[in-house]
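Colleague: Pasting in a structure now, in structure tokens, and then I'll have a few things to ask.
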Amino acid sequence: MIKLGIIGDPIAHSLSPALHSFVLNNLSIVAEYRAYRVREGELKDFLSAHSELAGFNVTIPHKERILCYLDRLSPEARLIGAVNTVKNEHGALVGYNTDSVGFLRSLQARSFAPRQAILVGAGGAARAVAHALLQYTVTALSIYNRTPERALKLAEELRQHHPSKTISAENNPAALPWDCVDLIVNATPVGMKDDALPVPLPARLPKNALVYDLVYNPLKTKLLLEAERRGAQIIDGLDMLIYQAIESLKIWLSRSDLDAQIGYDTLRRFLEEQL
């Protein structure tokens, strides 16, 4: 039996066990996928005690801090500076980032190609989103984070890798380029547990602006509800969850053909039923 899982804290809300178990069962693969609550100070001990895992996903708060415990990193994970997928390769833990490609695929599936974006957050998920956008069609990226120093640090790193792009960090939400933005992404957990807003929205948003919240539980966060009231298009976090999960399975199973065997619509309906 292949043993897989996801580590994080909190973790009880995660749909990953249901999603992966559903896919593995439909592929007739004998495997189990479990959620493990791993607190901030428990990461090293967890990795030592669970060498039986063939692979696992990584979520808050470990996407960045796990790097120092891994034996190797994929080029993309090294560039992004965050890992959400780990594969046990004959005892060596190899880190990957499927958040980035998962996020990008969710935009491409809608044929959405933004030029100017606002990114809320500066953690592991935000890093993946930022690199995906800057490698895609975005030419100007503005970052806002409740801890301004983290936003400044991320912006500086991104400018080194993407010197031709306009990248800024703002510590005042009112200073963000709301009047000309195509895409607004919330890459923080704000809105997961309550109806808080990760960033206050202006009274009006540009026509055809898209607001994307990586949070998927609840499916419609306060941010998305407020965006809808302003006439914006919205995407909830299920899209990225699905696409990054498929990429993780490709890595663990060494199966590049999974896209043709896993239907997005089927997965989407299944996950909506779980909420």
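Colleague: Anything in region 100-154 that is hydroxyl-bearing (Ser, Thr, Tyr) and closer than 19 Å to ILE242 by Cα? List them, or say none. Steps first, answer last, please.
Modeller: Let us first name the residues in region 100-154 that are hydroxyl-bearing (Ser, Thr, Tyr), namely 100, 106, 111, 136-137, 139, 142, 144, 147.
If the condition is that a residue be hydroxyl-bearing (Ser, Thr, Tyr) and closer than 19 Å to ILE242 by Cα, then SER100, SER106, SER111 are the ones that fit.
Colleague: Oh, and also: If you take the residues in region 56-83 that are surrounded by 23 or more Cβ atoms within 10 Å (Cβ to Cβ) and in contact with a Phe, Trp or Tyr (Cβ under 7 Å, 6 or more places away or on another chain), which one is farthest from PRO189 (Cα to Cα)?
Modeller: ALA77
Colleague: Here is a follow-up. Given the conditions (1) closer than 18 Å to LEU223 by Cα; (2) in contact with a helix residue (DSSP H, G or I) (Cβ under 8 Å, 6 or more places away or on another chain), report the number of the one that ASP182 does not fulfil.
Modeller: All conditions pass for ASP182, except number (2).
Colleague: Now for a different question. Tell me which residues, restricted to region 168-191, are in contact (Cβ under 8 Å) with a residue 40 or more places away in the chain and acidic (Asp, Glu).
Modeller: The answer is ASP182, and nothing else.
Colleague: Return yes or no: is PHE103 crowded, with 23+ Cβ neighbours inside 10 Å, farther than 17 Å from LEU158 by Cα and of a type outside the set (D, E, K, R)?
Modeller: Numbers: crowded, with 23+ Cβ neighbours inside 10 Å: yes; farther than 17 Å from LEU158 by Cα: yes; of a type outside the set (D, E, K, R): yes.
It is true that PHE103 is crowded, with 23+ Cβ neighbours inside 10 Å, farther than 17 Å from LEU158 by Cα and of a type outside the set (D, E, K, R).
Colleague: Also, I was wondering about something else. Which residue pairs have Cβ atoms under 9 Å apart, sit 6 or more places apart or on different chains, and have a first residue in region 9-29 that is at pLDDT 95 or above and a second that is among the charged types (D, E, K, R) and part of a helix (DSSP H, G or I)?
Modeller: ASP9/GLU40; ASP9/GLU42
Colleague: Identify, please: which residue in region 213-230 is touching a Leu at 6+ places or on another chain (Cβ under 7 Å) and either assigned to a loop (DSSP other than H, G, I, E, B) or in contact (Cβ under 8 Å) with a residue 40 or more places away in the chain (or both) and is, among those, surrounded by the most Cβ atoms within 10 Å (Cβ to Cβ)?
Modeller: The residue in question is ALA227.
Colleague: Here's something else I'd like to know. Restricting to region 170-196, what's the tally of residues that are of a type in the set (A, V, I, L, M), outside any loop (DSSP other than H, G, I, E, B) and more than 20 Å from the chain's Cα centre (by Cα)?
Modeller: Keep residues of region 170-196 that are of a type in the set (A, V, I, L, M), which gives 174-176, 181, 183-185, 187, 190, 192, 196.
Remaining after also requiring outside any loop (DSSP other than H, G, I, E, B): 174-175, 183-185.
From what is left, the residues that are more than 20 Å from the chain's Cα centre (by Cα) are 174-175.
Result for region 170-196: 2.
Colleague: Is it the case that GLU32 is in contact with a Ser or Thr (Cβ under 9 Å, 6 or more places away or on another chain) and either of a type in the set (D, E, K, R) or on the phi > 0 side of the Ramachandran plot (or both)?
Modeller: In short, yes.
Colleague: Which residue is modelled with the lowest pLDDT, if the candidates are limited to region 152-208 and must be polar (S, T, N, Q) and surrounded by 12 or more Cβ atoms within 10 Å (Cβ to Cβ)? Before the answer, list the steps.
Modeller: We begin by selecting, within region 152-208, every residue polar (S, T, N, Q); these are 160, 164, 166, 168, 171-172, 186, 188, 208.
Applying the additional criterion that residues be surrounded by 12 or more Cβ atoms within 10 Å (Cβ to Cβ) yields 166, 168, 171, 186, 188.
Numbers: THR166: 98, SER168: 98, ASN171: 94, ASN186: 98, THR188: 97.
Ranking the qualifying residues of region 152-208, first place goes to ASN171.
Colleague: Now for a different question. Take the residues of region 153-169 that are within 18 Å of ALA128 (Cβ to Cβ) and part of a loop (DSSP other than H, G, I, E, B): which is nearest to the chain's Cα centre (by Cα)? Steps first, please.
Modeller: As a first pass, look at region 153-169 and keep what is within 18 Å of ALA128 (Cβ to Cβ): 153-162, 165, 167, 169.
Checking the rest, the ones that are also part of a loop (DSSP other than H, G, I, E, B) come to 162, 165.
Details: HIS162: 20, LYS165: 22 Å.
The extreme case among them is HIS162.
Colleague: Considering only region 59-82, how many residues are hydrophobic (A, V, I, L, M, F, W, C) and in contact with a helix residue (DSSP H, G or I) (Cβ under 6 Å, 6 or more places away or on another chain)?
Modeller: 2
Colleague: Of the residues ILE251, ILE262, only one is in contact (Cβ under 8 Å) with a residue 12 or more places away in the chain, hydrophobic (A, V, I, L, M, F, W, C) and not in a loop (DSSP other than H, G, I, E, B); which?
Modeller: On inspection, the qualifying residue turns out to be ILE251.
Colleague: The conditions are (1) assigned to a loop (DSSP other than H, G, I, E, B); (2) crowded, with 16+ Cβ neighbours inside 10 Å, and HIS131 fails exactly one of them. Which is it?
Modeller: Checking HIS131 against (1) assigned to a loop (DSSP other than H, G, I, E, B); (2) crowded, with 16+ Cβ neighbours inside 10 Å, the one that fails is (1).
Colleague: Out of SER21, SER14, report the one residue that is under 17 Å from GLN244 (Cα atoms), hydroxyl-bearing (Ser, Thr, Tyr), over 17 Å from the mean Cα position of the chain (by Cα) and surrounded by 14 or more Cβ atoms within 10 Å (Cβ to Cβ).
Modeller: Details: SER14 fails: over 17 Å from the mean Cα position of the chain (by Cα).
None of the others qualify; the one that does is SER21.
Colleague: Collect the residues in region 134-151 that are assigned to a helix (DSSP H, G or I), buried (at least 17 other Cβ atoms within 10 Å of the Cβ) and not small (Gly, Ala, Ser), keeping them in residue-number order.
Modeller: LEU134
The values are calculated or read from the model by the stated rules, or taken from the named source; none is laboratory data. Worth saying up front: this structure is predicted, and the values here are computed from it rather than measured. FYI the Cβ positions are ideal-geometry reconstructions off the backbone, even for glycines, and counts take in every protein chain you see.
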